[in-house]
Structures are given as structure tokens and as C-alpha cells.
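Enquirer: Okay, handing you the structure first.
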Amino acid sequence: MRLEDHVRFVRGIGPKKAELLQKLGIVTLEDAIQCYPRGYEDRTHITPIAQLLEGEKQCVHAIVGAEPKTAHIRKGMDVTRCKVYDESGSLLLRFFNNRYAVTALEVGKEYAFYGKVQAEGKSLVMIAPEFEPVGADSKTGRILPVYSLTAGLHQKDLYTVTDAALQTVTGEYPDFLPEEIRKQQGLPPLGEALVYIHRPQTMEQAQQARHRMVFEELFLLSCGMRLLRSRRAGKSGARLRDLSLNAFYRALPFALTGAQQRAIEACTMDIAAGKPLSRLVQGDVGSGKTMVAAALCYLAAKNGRQAVIMAPTELLAQQHMQTMEPLFGKLGVSCGLLVGAMGAKQKRETTQAIESGEISVVIGTHAVLSDNVSFHDLAAAVVDEQHRFGVSQRASLTAKGENVHLLVMSATPIPRTLALLIYGDLDVSIIDELPPGRQKIKTYAVGEKTRPRIDRFIDKQCAEGGQVYVVCPLVEDSETMDTVRSSAESTAERLKKILPHRVIGLVHGRTKAAEREQIMADFAAGSIDILVSTTVIEVGVNVPNATLMVVENGDCFGLSQLHQLRGRVGRGKRQSFCVFYGADKGEEARERLRTLVQTNDGFAIARRDLEMRGAGDFFGTRQHGLPPMKMADLAGDTRLLEQAKLAADTLLENDPELQREPKLRAKVQKLFSQCGEGGFN
């Protein structure tokens, strides 16, 4: 058979099983060979009965001491018990509805048994073990791969298709990894690695193969991202001749931090070099990314061109407008707002002013992407909260001008090497300083016992003129959850009962957009004391008067999300506080929340979050356009990631289009076409 053959042609795989395999992404033998095991069972290690560990799967060689006895427990359930022994002790075996065990096990004969051991009183019991005569080495005496399954499939089905696929790996199996890089990294050839990963003779072989596959994935990813970046090579950016920012700095009511200045300088240097600016500015909540965006918009307007800022919500767009309009007013730069909630007449007048060039800086939501919005001369685009927009929306925005400079902003701090990969078509600037005067938010992780005290603290903050957020993971209580989670609706009702003298607002994902915007605007204006919400308030709301953030069931959220929520307070001059419930939900929950109590450093928190959750959960759905990782862990394999990136950069320095490595180029092209990136031509 050949790798391109359909798995339904494999003996033992009929149409039904072929359908089930397709659910795992296995259609051809090539898919099967690239479906790597998720782990291994080492059945080569024989443990004496006296040394068996409770709760572990282990292998023993033991002699059957007595005839297996079967008891009928209830309808449809027979239990077979059998006692076996070795030189160190005895062990009880228990099988369920297994007639084969009754007839196959002979008294006085030695078998290899593999299964999970549990203690019952002073005895040890192995539950439903697999077994065979010692020396058979079919089910035991070897290392067995463990594959991910779907309902209706068994491990033996995966063994069948991977066996068939491995039969195609003969002779000089084509390897797309350049030989020089492979040898530098001490990696086995691809054909050898495929055999090792699916059918290792030792755990060392399995580890060698995993090392090769992880490096390979990260290397392909690095090559692809570098090629994406090369798309910009040779292109010209919008010409902005006057890059002086002296007037802009004088107009600011405060001094910028060093990190803000470095980010702005990086932008101006890109523009001065004549290439299109394509930069990610990432920084912690409240680090001042908006001022970098304002500087770019000012440069565009100063040169008689236009700029646009696209925000994910109308409220955030309005807040950007409130921040920037007075600043741009001092500089003689016209500024306009475009959001979906505007009336038809107002929207029409605004789009006309944009098209005529009367408005120099446009601030809006995705409404700016509408076909009826045409710019007079767009030179710069800013995408705020990058993770809320897809790659295609970014492209649609920059397509509204010619050679538009692009700045994207993200408040999710991640390690630089990872940022360069995830935002492969962007340069990266990191703002790692907070503006002076920002007080550290005092953070506490608490359990249910402290609730009366926290309720009093909420009331005290309101009495002193502050405002309070209370964030819940659910909209309404769910009876289907194992643990009852506090909901936004029930929490709001409870607070209204115990604090009837406070104005309490409720907002969540099911609240109609216009109503949600109004409630959040009322909170920002100070007419609501306590805002109970789900995580819809995570992004963008700026309420300097909010001094307390209370998060129900903090154990339900990722650390970075909790840190984002904490960043909603501490924006004014008063001391602010954050309280996370969930510290009484077990040691793991307590340990996670302790990270937030100990540090306010978003980068340190993001690293810890990546370690605990893995990159898949951390980045959520495939919004970043990254190819899927079968083996690599972007969080755990950071050292290998750096090695792979260095190797890719070195290779592409000497061969920018991979013309000397056609197999590698084809592999990268195929990988990135799967996630909608298209070609690199």
C-alpha cells in the first residue's frame, strides 16, 4: 500500500471504522502515520507482587494457584476471581463478564499479567488484567503506544492502521528536514523516527522520536512565520515625511514611560526606513499602549493623511474618543467616532466626512470595515485588543488604503519568543513599565467563610465613594454542573437584598448590546455603585473610580484572564483591591490563586498560566491562524522552540525562499494552507 491510500482499504478496517477514524482526522495512511501516540505503556518492566504500587498499572509474572471461580452478581454481571502467586507473595485477579479468562487460565502455569492494582483491606487486587503466557510478548514484554480514540474505536484499530502505514516506511524514506540541521540537533532521520514513535523498543527510542517530532513542528512553524514576514520585504510603506513628535509630547499632560517612548521610536524607525509598519505592541493592563497608537495617528494626520483605530466594543471606542479628542484638539487634528449604534443620518454624515478627508483620525468598532466606509487617504491603522479580531479583519482594514501602516495592541503578555511566533507577520514591542503613580492593587484569595466580611467591605468601598465590580463565571445557576457556581443573576439578587441602599447593575453576554453599552456607560459615569457581570467587562472599560474587583469562583478562570479582570481597577489615585473567591476549592485552586496574590507582573502570570494550562487553552480557539501542534507544547518546549527558531532563521538568511529545500518549502506551504494562510508567493 501507499501513504496516499484510504484507510478503508486496510484489512480489518471497514466502512464504519473508516468513518470513525475520519473523526480523528485519519483518512489516508499518511494521516495515520502522522497521528502520534499520546503516551506509552511500558510493559517491559516486571514488578514482584510484593513491590506492586496501589493505583498504578503494572506487569507481573505469576503462577495460577487455583481454578478461577465465577459468581453471578446480578443480571448481566458475572465476576471471576483467581489467585496467583510469585516468589514474593500472592495477588488476587478480578475479571468482569470474561468467559475467556475462566477457560484460558490453567492452574500451575505462569502468565504475564498487566493491569491496575488496588488495595482491598490487606490484600492487593489487579482489576481486569490483560494476560498471556510468559514469553508470548504480544500484550506484555513490550512498549505499547496509547492513541487518542473516539467512541466505537479501540487501540487495536489504531495499531492496525499505523501498522499498515509503517509498512510504507522502507528504504531511504524522504526527509524534508535539511540533513545539516538534523545532524546539528542530533535527530534521527524521519523514517527511523516514525518507527520509533509508533513502535519503540525502548522508552529512550520513544523520547528520541518525540524530540525529533517536536523540533520538526517548531521548525516548520518558525519557517512559515519567517516566510510570512518576508511578504513585507520589498514593499513600501505609506510615505510620511515629517516624523517629528515634539508637539505631540508637549501636548501630553504627563511624561511617557521609557517603554512607551521605545515603542513609539520603533514605529517611527520602521516608517522612516520606508517599509510598511507592521508591529504588535503588547503590554500589561494600564501600561499605556493607547499613547503609542495616538502617536502613530498624529504622525499620519500631521502629514495630511488619515488614521483609524478599531476597537472591539462601542464603549471602548467611545472611551478612546474621550481620551484622544482633547489631545488631538490641542494639536489641530480632527477626530471622529463611527460605531454601529449611531443613527442613520449621523452615520451618513460621518462616513462622508471620512471620505472627504475632513476627519483625520477615525475611532470606531468593526463598523469601520463596512463597504460603505471609504477613506480619503488612509495611511495608518490601529487594531486594539488584537485577540478579539481575526487575521482577515486586520487585512480588510489595511485594504482600505495603500501600503497602510499597521499597529496592533494586545494586553495579553506572553514571552517574546512565543509572541514572535504567534504574531509571525508582526514585529514586537513590549511595554513592560507602568506609568508612575499607579498603586499596586492589593489582592486576596479567599473562601466562602469570609463572604460576610467581603460583603461589608463592598459596602465600605461604596460608602467611601468608590465603585465595585463583581464578576461571575455564569449568567444563571446551572444544575448540571458538579459544583454549584455563583451566577451573575443570583449574585445580583443576593446583593440587592443585603445592600438595598446601593445601586446595583447587571450585565452579561445575553444582555442586548444597546442595553449592555448603556449599563456600562452608567457605571463609568458613576450612577451605578456595584456592577455585577460576567467577563464581558474584561476588555477595555476604564473607570478610574472603581476601587474593588470581586471575582466569584476564581478557580473557573485562567490566571491571565483573572489578571485582566484585576486590571479593571487601580486606574485612579485611590488604593484599589481585588478579591478572588475559590481558595477553598482544593490545593490546586489555592496554588493558582496564590500566584496572583504574590505578583502583579502580567508576564510572570502569563508564563505560569501557560505552564498550568498549556498553549491550546491559553490562546483559546484558532484565532491566531497557527497550524495545529500534534506534539509540541508551546509553553513547555520553550528551549526547543528557541533552537528551532534560530535554525530556521539561519537557514532562511541564506535561502530566503527555500529554493534549495523544495521538500521543506512544500511541507511548510501545505501546513500553512491548512490554517487559511495560503501561499508565500
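The values are calculated or read from the model by the stated rules, or taken from the named source; none is laboratory data. If you're wondering where the values come from, they're calculated on a predicted model, not measured in any experiment. Heads up, the Cβs are rebuilt from the backbone with ideal geometry, glycines too, and the neighbour counts pull from every protein chain shown. The area values use the complete protein model at the heavy-atom level, side chains included, leaving out ligands, DNA and RNA. Shrake-Rupley method; radii C 1.70, N 1.55, O 1.52, S 1.80 Å.
Enquirer: Report, ordered by the first and then the second residue, all pairs with beta carbons closer than 8 Å, sequence separation of six or more or different chains, a first member in the stretch 30-56 that is on the phi < 0 side of the Ramachandran plot and open to solvent by less than 50 Å² (accessible area, probe 1.4 Å), and a second member that is aromatic (Phe, Trp, Tyr) and assigned to a strand (DSSP E or B).
Expert: Glu41/Tyr114; Arg43/Tyr114; Ile49/Tyr85
Enquirer: Hey, another quick one. Go through Val27, Val10 for me and flag whichever is in contact with a strand residue (DSSP E or B) (Cβ under 8 Å, 6 or more places away or on another chain) and either farther than 23 Å from Lys139 by Cα or among the aliphatic types (A, V, I, L, M) (or both).
Expert: The unique qualifying residue is Val27.
Enquirer: Can you find even one residue in the stretch 329-340 that is farther than 20 Å from Val408 by Cβ, in contact with a strand residue (DSSP E or B) (Cβ under 8 Å, 6 or more places away or on another chain) and assigned to a helix (DSSP H, G or I)?
Expert: Within the stretch 329-340, one or more residues are farther than 20 Å from Val408 by Cβ, in contact with a strand residue (DSSP E or B) (Cβ under 8 Å, 6 or more places away or on another chain) and assigned to a helix (DSSP H, G or I).
Enquirer: If you check Thr80, Thr140, which single one turns out to be crowded, with 18+ Cβ neighbours inside 10 Å and assigned to a loop (DSSP other than H, G, I, E, B)?
Expert: After ruling out the rest, the residue left standing is Thr140.
Enquirer: Filter the stretch 457-505 for residues that are in a helix (DSSP H, G or I) and open to solvent by less than 30 Å² (accessible area, probe 1.4 Å); which is modelled with the lowest pLDDT?
Expert: Looking at the filtered set, the residue picked out is Ala488.
Enquirer: Mind checking which pairs have a first residue in the stretch 321-345 that is over 21 Å from Glu355 (Cβ atoms) and a second that is of a type in the set (Phe, Trp, Tyr), Cβ under 7 Å, 6 or more apart or different chains?
Expert: Leu331/Phe248; Leu331/Tyr298
Enquirer: Report those helices (runs of 4 or more DSSP H) wholly inside the stretch 150-237 carrying at least 1 residues which are at negative phi and touching a His at 6+ places or on another chain (Cβ under 8 Å).
Expert: Result: 155-166.
Enquirer: Determine which member of the set Val169, Val214, Val195 is open to solvent by 30 Å² or more (accessible area, probe 1.4 Å) and among the aliphatic types (A, V, I, L, M).
Expert: Val195
Enquirer: Here is a list of conditions, (1) under 28 Å from Pro200 (Cβ atoms); (2) touching a strand residue (DSSP E or B) at 6+ places or on another chain (Cβ under 7 Å), and Gln51 meets all of them except one; can you say which number that is?
Expert: The failed condition is (2).
Listed here are the residues, each with its yes/no results for (1) among the basic types (Lys, Arg); (2) within 20 Å of Ala238 (Cβ to Cβ); (3) without any contact (Cβ under 8 Å) to a residue 60 or more places away in the chain; (4) open to solvent by 50 Å² or more (accessible area, probe 1.4 Å).
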residue: Glu349; (1), (2), (3), (4): no, no, yes, yes
residue: Ser356; (1), (2), (3), (4): no, yes, yes, yes
residue: Val361; (1), (2), (3), (4): no, yes, no, no
residue: Thr365; (1), (2), (3), (4): no, no, yes, no
residue: Leu369; (1), (2), (3), (4): no, yes, yes, no
residue: Ala381; (1), (2), (3), (4): no, yes, no, no
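Enquirer: Now for a separate question. Being open to solvent by 30 Å² or more (accessible area, probe 1.4 Å) and aromatic (Phe, Trp, Tyr) is the filter here, so list the residues in the stretch 237-279 that pass it.
Expert: Hits for the stretch 237-279 are Tyr249, Phe254.
Enquirer: Let me ask you something else. Considering (1) at pLDDT below 95; (2) in contact with a helix residue (DSSP H, G or I) (Cβ under 7 Å, 6 or more places away or on another chain); (3) closer than 30 Å to Thr47 by Cβ, say which one Arg142 fails and leave the rest.
Expert: Failed condition: (2).
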